[in-house]
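Novice: Right, I'll just put the structure down here and ask away after.
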Amino acid sequence: MTLVTDTAVKALVHSTTTTQVRARYEGSNICTWIGFKHVNYLVEEAVLDHFRQAGLPARALYETHGLGLDLVSIDSRILHAFHMDDVADAEVEPWTKDGDATLGFRVTIRFERDGAIHKAVTAKVRVSLRIDTYLEAAGEVPAALARYAVATLGDDLEREPATAAPAEDEILASLTAGQNAYAWKWNIPYPYCHFTERIQMSGYLRLMEEGKDRFVADRGISIKTLLDDRRWIPVVPRSDIRILDEALMEEDLYTVYTVEEVFKDFTYTSRMDFYVLRDGNLVKTATGRIVHGYAVIENRRDWSLVNFDQRVVDAIEGKAS
C-alpha cells in the first residue's frame, strides 16, 4: 500500500495550509513569556501538520515507506513575544523550487491581541526524508518523493571535509583557540533523538538555548545573576540552525558557542557549531546562529528592550572587568 499519490504530493508542494498552534507550558520560564526554543517548536508543529493535511503524516511515511521526516533547517524571526495561553494561526506556504533536494516551506504565525492581528513569527524551513536503515528496507522510495529522500542527513549539501582531531583531552581547547568562544563536550542521550538513531531538530534547539546559558554563566553574568541584579532577561529576535550530517545517540557531541558581533550595545550574534569525533576525525554535524538582546521586566505583563551596559559588553567580548 502506498500513501504517496499525485494528489497528496501536489498538495504538499503547492497548497498553503493553516493550523492553530499553542505554545507548551514548559516554554514559559520567566513570567508568562515563551522562549525562542518553544516558538520554534510551533514552527515545527505547523510544518508537521502541513504534511498531515496533505495526507502524508510523519508516522505513516515512516511506517509505510521507511522515510523519516527530518527538519534539517529552521531560520526564524520573532517579531512579537508569545505569552502563555496565546493561541495563534500558523500558515505554511510551500517554497520548494525546481531542482531542490529538500522540501522548503515558509511559515507565518499570527495572533490576536487587544483587538489587533500581529505577525508574530516568520520562518523558513527545510525538510529531508531520511531513508531508514536501522530496520529492514521498506522497498522503493515512491518516485514522487525520491528527490527529497537521502541516505544520510546532509547528503544534499557539499559538506565541509572532516578534520583530523587532536588528542581527545585537547579537542575543546583546539575548537576555541583564538576565538571569543565557549565549548563543552556532551554525550547525546536518547530523549534528544528520534527514529531510533539520531539527534533531531528539537534537540539542537535545546542545545542552542543551553549554549547561551552556559556562556553567560562562564562570563559571570548568568541568567539568574542579571535577573537578581536588575531584572534583565535574554531575548532572541532571530535564530537559525542547519543540520549538515548526522549525530548519533550516545556519541560525544562537541558544541562551540562563538560570539561573532556585538551590534550597537543592543544585540549580539553568536555562531554555534556542533561536531562529533568519528574515526579520529572531527565531523561537523550542524551549524547555526542566534541573536540575543536583553529586556527589563517592568511588571508581570510587560518588558522592554535595554542597551547593554559596560559590564555586560565586557563579559560578552571576553574582556576582564
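Novice: Taking Cα extents along the principal axes in Å straight from the coordinates, which label in (1) 89, 50, 35; (2) 76, 46, 33; (3) 65, 60, 32 is the correct one?
Specialist: (3)
Novice: In a shell of Cβ-Cβ distance under 12 Å around ASP49, excluding ASP49 itself, what net charge do Lys and Arg (+1) and Asp and Glu (-1) give?
Specialist: Taking every other residue near ASP49 into account, the sum is -3.
Novice: Cut-off is 10 Å between beta-carbons; in what order do SER304, SER128 appear when sorted fewest neighbours first?
Specialist: If I rank by nearby Cβ atoms, fewest first, I get SER304, SER128.
Novice: Here's another thing I want to ask about it. Check each of the trypsin sites (Lys or Arg not before Pro) in the stretch 1-106 and keep only those in coil by DSSP with at most 11 other C-beta atoms within 10 angstrom; list them in order.
Specialist: Hits after loop and neighbour filter: LYS97.
Novice: Also, quick follow-up: For CYS193, CYS31, what's the fewest-to-most ordering of other Cβ within 10 Å of each Cβ?
Specialist: Ranking CYS193, CYS31 by Cβ neighbours within 10 Å, fewest first, gives CYS31, CYS193.
Novice: Taking the Cα centre of each part, how many Å lie between the stretch 10-59 and the stretch 69-90?
Specialist: If we compute the Cα centre of each part, the gap is 7 Å.
Novice: Separate question: Summing Lys, Arg as +1 and Asp, Glu as -1, what charge do residues with Cβ under 13 Å from the Cβ of LEU172 carry, LEU172 excluded?
Specialist: -4
Novice: For LYS97, which lysines qualify as cross-link partners when the Cα separation must be under 16 Å and same-chain residues fewer than eight apart are set aside?
Specialist: Correct list for LYS97: LYS10, LYS124.
Novice: Right, something else. By counting other Cβ atoms within 10 Å of each Cβ, how are LEU79, LEU3, LEU69 ranked from fewest to most?
Specialist: LEU79, LEU3, LEU69
Novice: Would you please name the trypsin sites (Lys or Arg not before Pro) within the stretch 233-275 that are DSSP coil residues with at most 10 other C-beta atoms within 10 Å of their C-beta?
Specialist: LYS264
Novice: Taking just the alpha-carbon atoms of the stretch 12-127, what radius of gyration and Dmax come out, in angstrom?
Specialist: Looking at the stretch 12-127, its Cα Rg and Dmax stand at 14.7, 46 Å.
Novice: Return the loop-located GluC sites (Glu not before Pro) in the stretch 91-156 (DSSP other than H, G, I, E, B) with at most 13 other Cβ atoms within 10 Å of their own Cβ; answer none if there are none.
Specialist: GLU136, GLU140
Novice: Okay, helix-only estimate at 222 nm for the chain: each DSSP H run of n ≥ 4 adds -39500 (n - 2.57), divide by all residues, round to 500 deg cm²/dmol; what do you get?
Specialist: Counting only the DSSP helices, I get -7000 deg cm²/dmol.
Novice: Another question about this same structure. Per-residue HN-Hα couplings for the stretch 163-177, Karplus 6.51 cos²θ - 1.76 cosθ + 1.60 at θ = phi - 60°, whole Hz, x for Gly and Pro?
Specialist: Going residue by residue, I get 10, 4, 8, x, 4, 4, 6, 10, 5, 4, 5, 5, 6, 10, 4 Hz, with x marking Gly and Pro.
Each value in this text was obtained by applying a stated rule to the coordinates, not by laboratory testing. Predicted model only: the values in this text are computed from it and were never measured. Glycine also receives a Cβ, built like all others from the backbone with ideal geometry; neighbour counts cover every protein chain displayed.
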